[in-house]
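Everything below concerns the one structure shown next.
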Amino acid sequence: MGQLVLTRLGWAVPTFVVITALTFAMAHLAPGDPLLLSDEAAPDAGLVALARERLELDRPLTGRYLRWFANVLRGDLGLSAVDRAPVAEKIAEALSRTVLVSGLALGLSCLASVALGLLLATIHGARWARGLGAALALASGVPSFWVAVMALLLLATPRGLPLFPLQGLDTPAHLVLPVACLAWPTVAMLTRYVHDGVARALEQDSVRAALARGVPARRVLLRHALPNALVPLVTVLGLHVPHVFAGSVVIERVFGIQGMGLLALDAIGTRDAPVVMGVAAVMAAVTQGSMLLADVAALAVDPRLSAGARR
């Protein structure tokens, strides 16, 4: 496992550099001058020059990136170009909301997909099992944006049943709709992996022998079949974490949650490059970290993978 961690970390560093370098270039080379985006009267040319020097916009792009990267290694993400607030504080506040919604969505996805996958595997061949499988396949193709808008109209406005709050994240009730909408496509996808893994395990000779010896079907299902389905589930779930974070951008916009998604969109709209870079750095770290955790979790579930990797 130690060799795996070192290998993943060895790839994570250059990947982080490439992602942040490309984002840095796009953020600073995009059309328009971030100092002249205001609708107010044109500022004094001398003040613009001073601001450009203060923000180091007059320096070569490569030198600015290297300076930013060196500051990141020290834990300094700089100051916002718009309000001069520390970028780290803005991201910490937004990240806590995104992690809360995304973490609950991932947890709900795991529980629901395991339950549905086991159900489909045990009723395989039944008439309504095909209907449930078709419904899940259809659900995986429905955009979460549409689901979120419909959920608001039907369950949070006077046009439907106003059971839940409309916007914000002030009470536990505010979490219900965004978490459910964010988990929607993930449940449909993960259920297929659990179902396939359990169905293959139930066809193994050892499992059939256990059933023939009179071992209760529930015990066989949970102790023998389900663990075989956990390895692909854990792997796919770890790789899917960045997609859930990316999907939260839409969910946060629809439900008015001040998370990483809205922070990034506002920063892009105002050409606030330090905040854009801070968000990109955090997302790159989350992506690399989730991939590493997925590999470690897969080894913990099935240690035979480690022996296979060494061969």
Expressed in angstrom and rounded, the centroid-to-centroid distance over alpha carbons for the stretch 159-195 and the stretch 95-114 is 10 Å
Above 15 angstrom, tally the Cα pairs of the stretch 113-208 and express them as a % of all pairs, no decimals.
-> 67 percent
Relative contact order [Cα under 8 Å, 6+ residues apart], the chain, whole percent = 26 percent
First measure r as the distance between the Cβ atoms of LEU155 and ALA92, then evaluate 1/(1 + (r/R0)^6) with R0 = 41 Å and state the FRET efficiency to the nearest 0.05.
-> 0.85
Cβ-based charge dipole, the chain, positive-most Cα from LEU233, LEU175, HIS195 | HIS195
Would you calculate a helix-derived [θ] at 222 nm for the chain, using -39,500 (n - 2.57) for each DSSP H run of n ≥ 4 and dividing by the full residue count, to the nearest 500?
-> -25000 deg cm²/dmol
Once both labels are modelled 7 Å past Cα along the beta-carbon direction, what's the ARG84-VAL215 spacing in nm?
-> 6.9 nm
Normalised convex hull volume, the stretch 84-148, alpha-carbon set, Å³ per residue | 98 Å³
A 1.4 Å probe over the protein heavy atoms gives the stretch 119-184 a carbon and sulfur accessible-area percentage of 72 percent
If eta is 1.306 mPa s and T is 10 °C, what Stokes-Einstein diffusion coefficient results for the stretch 190-311, Kirkwood Rh from Cα pairs, in µm²/s?
-> 92 µm²/s
So, with points 7 Å from each Cα along the Cβ direction, the VAL18-ALA300 label distance in nm works out to 2.9 nm
Compute the semi-axes of the equivalent ellipsoid of the stretch 185-255, taking the square root of 5 times each eigenvalue of the Cα gyration tensor, and list them largest first in whole Å.
-> 35, 10, 8
Taking the Cα atoms of the chain, what is the range of coordinates along each of the three principal axes, in descending order and whole Å?
-> 87, 60, 29
Please work out the average accessible area per residue across the chain, using the 1.4 Å probe convention, and give it in Å².
-> 56 Å²
Give the calculated FRET efficiency between ALA70 and MET26 to the nearest 0.05, with a Förster radius of 22 Å applied to their Cβ-Cβ distance.
-> 0.60
Which whole DSSP H helices in the chain pass both tests: a Cα extent of 27 Å or more along the axis and a mean Kyte-Doolittle value no lower than 1.6?
-> 273-301
Return the carbon/sulfur percentage of the accessible area of the stretch 215-276, one whole number, probe 1.4 Å, all protein chains in place.
-> 67 percent
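The values are calculated or read from the model by the stated rules, or taken from the named source; none is laboratory data. On a predicted model such as this, the values are computed, not experimentally measured, just so you know. Note that each Cβ is placed from the backbone with ideal geometry, even for glycine, and that neighbours are counted across all protein chains shown. In case anyone asks, the SASA skips ligands and DNA or RNA and just uses the protein heavy atoms, side chains included. Shrake-Rupley method; radii C 1.70, N 1.55, O 1.52, S 1.80 Å.
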